[in-house]
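Peer 1: I have a structure here, written as structure tokens, and I will follow up with some questions on it.
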Amino acid sequence: MAALIRPFILGIGGTTRHGSSTERALQVALDAAAAEGAQTELIGGADLQLPMYDPAVPGLPPEAERLIAAVRRCHGLIIASPGYHGTMSGMIKNAIDYIEELRDDASPYLDGRAVGCIACAFGWQATGTTLVALRSIVHSLRGWPTPLGVGINSALPVFAPGGGCIDETFRFQLETVGKQVVEFARMRLASLQAEGVTASSPAPS
């Protein structure tokens with residue numbers, strides 16, 4: 001039996017507040033990806049408070065270098081944003097803007113990568129519009145949004161004080177997103193290996 005392919009799945013998201021519902025939701029999805037055998041890494045709100053992206057400014061701050069290196073290396077992503085005033089937060093959008101640094105890569109932007117999208121908001125309206133915005137941006141960056149995206153109404157009792165997800169429906173959805181990202185990444189990597197392409201990073205377009 002062939003060895004199980006172990007993709008690297010990167011999680012990006014959260015808020016400026018440590019332990020936010022957005023970051024907790026992202027962790028549930030990443031834990032599900034890890035349970036499927038993936039390597040995972042979470043870059044949360046504390047590490048996403050980056051200077052406003054400006055492609056005209058040479059060089060990147062260390063936090064941005066870390067982000068870009070992780071995106072470049074990953075085989076799939078999960079992006080989680082709070083819903084602020086009907087759409088994603090400025091912090092998450094700014095972090096995504098840094099992906100412009102991958103424009104000249106052999107696999108530019110998010111090409112060849114599955115991307116799970118999670119939106120958390122205090123109410124259903126901003127939850128839905130934020131999720132739509134995330135999925136639209138993933139499309140524009142040539143990524144593959146997973147069939148399921150998760151919108152969480154944080155006005156409901158979703159997480160326990162200690163951080164665990166206590167809502168079975170939301171937990172199932174978050175875990176499904178994590179599994180779908182791994183499943184797609186494995187199929188992609190298996191296809192590349194069959195073609196003789198090195199599977200350590202996404203293949204050229």
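Peer 1: Restrict the check to region 144-153 and report whether at least one residue is part of a strand (DSSP E or B), among the aromatic types (Phe, Trp, Tyr), in contact with a strand residue (DSSP E or B) (Cβ under 8 Å, 6 or more places away or on another chain) and touching a residue at least 12 places away in the same chain (Cβ under 8 Å).
Peer 2: Yes, because at least one residue in region 144-153 is part of a strand (DSSP E or B), among the aromatic types (Phe, Trp, Tyr), in contact with a strand residue (DSSP E or B) (Cβ under 8 Å, 6 or more places away or on another chain) and touching a residue at least 12 places away in the same chain (Cβ under 8 Å).
Peer 1: Hey, another quick one. Out of curiosity, is Ala114 farther than 23 Å from Thr176 by Cβ, touching a strand residue (DSSP E or B) at 6+ places or on another chain (Cβ under 8 Å) and in contact (Cβ under 8 Å) with a residue 60 or more places away in the chain?
Peer 2: The answer is no for Ala114.
Peer 1: Taking region 16-32 on its own, how many of its residues are of a type outside the set (Gly, Ala, Ser), touching a Gly at 6+ places or on another chain (Cβ under 6 Å) and closer than 20 Å to Arg171 by Cα?
Peer 2: Within region 16-32, the first condition is being of a type outside the set (Gly, Ala, Ser), and the residues that meet it are 16-18, 22-24, 26-28, 30-31.
Now restrict to residues that are touching a Gly at 6+ places or on another chain (Cβ under 6 Å): 16, 22-24, 26, 30.
This time we only want the ones that are closer than 20 Å to Arg171 by Cα, so: 22-24, 26, 30.
So the answer is 5.
Peer 1: From Ala25, Ala29, Ala33, Ala70, grab the single residue that is outside any strand (DSSP E or B), in contact with a Cys (Cβ under 8 Å, 6 or more places away or on another chain) and touching a residue at least 24 places away in the same chain (Cβ under 8 Å).
Peer 2: Working: Ala29 fails: in contact with a Cys (Cβ under 8 Å, 6 or more places away or on another chain); Ala33 fails: in contact with a Cys (Cβ under 8 Å, 6 or more places away or on another chain); Ala70 fails: in contact with a Cys (Cβ under 8 Å, 6 or more places away or on another chain).
After applying the criteria, what remains is Ala25.
Peer 1: Still on this structure, please answer the following. Of Gly149, Gly123, which residue is surrounded by fewer than 24 Cβ atoms within 10 Å (Cβ to Cβ), within 12 Å of the chain's Cα centre (by Cα) and under 21 Å from Gly45 (Cβ atoms)?
Peer 2: Details: Gly123 fails: within 12 Å of the chain's Cα centre (by Cα).
Result of the check over Gly149, Gly123: Gly149.
Peer 1: While we're looking at this one, here's another question. Among what's in region 44-95 and is surrounded by fewer than 21 Cβ atoms within 10 Å (Cβ to Cβ) and among the β-branched types (Val, Ile, Thr), pick the residue that is modelled with the lowest pLDDT. If you could, list the steps in order and put the result at the bottom.
Peer 2: So in region 44-95, the residues surrounded by fewer than 21 Cβ atoms within 10 Å (Cβ to Cβ) come out as 44, 46-47, 49-66, 68-70, 72-73, 84-87, 90-91, 93-94.
From the residues that got through so far, the ones that are among the β-branched types (Val, Ile, Thr) too are 57, 68, 87.
Details: Val57: 90, Ile68: 97, Thr87: 96.
Per the criteria, the residue is Val57.
Peer 1: Checking the structure you have, find out if any residue of region 78-98 is in contact with a helix residue (DSSP H, G or I) (Cβ under 9 Å, 6 or more places away or on another chain) and among the acidic types (Asp, Glu). Show your work before the answer.
Peer 2: First, the residues of region 78-98 that are in contact with a helix residue (DSSP H, G or I) (Cβ under 9 Å, 6 or more places away or on another chain): 78-89, 91-93, 95-96, 98.
With among the acidic types (Asp, Glu) added as a condition, the list becomes none.
No.
The values are calculated or read from the model by the stated rules, or taken from the named source; none is laboratory data. Everything numeric here is computed off the predicted structure, so don't read it as measured data. Cβ coordinates were reconstructed from backbone atoms using ideal geometry, including for glycine residues, and neighbour counts include every protein chain displayed.
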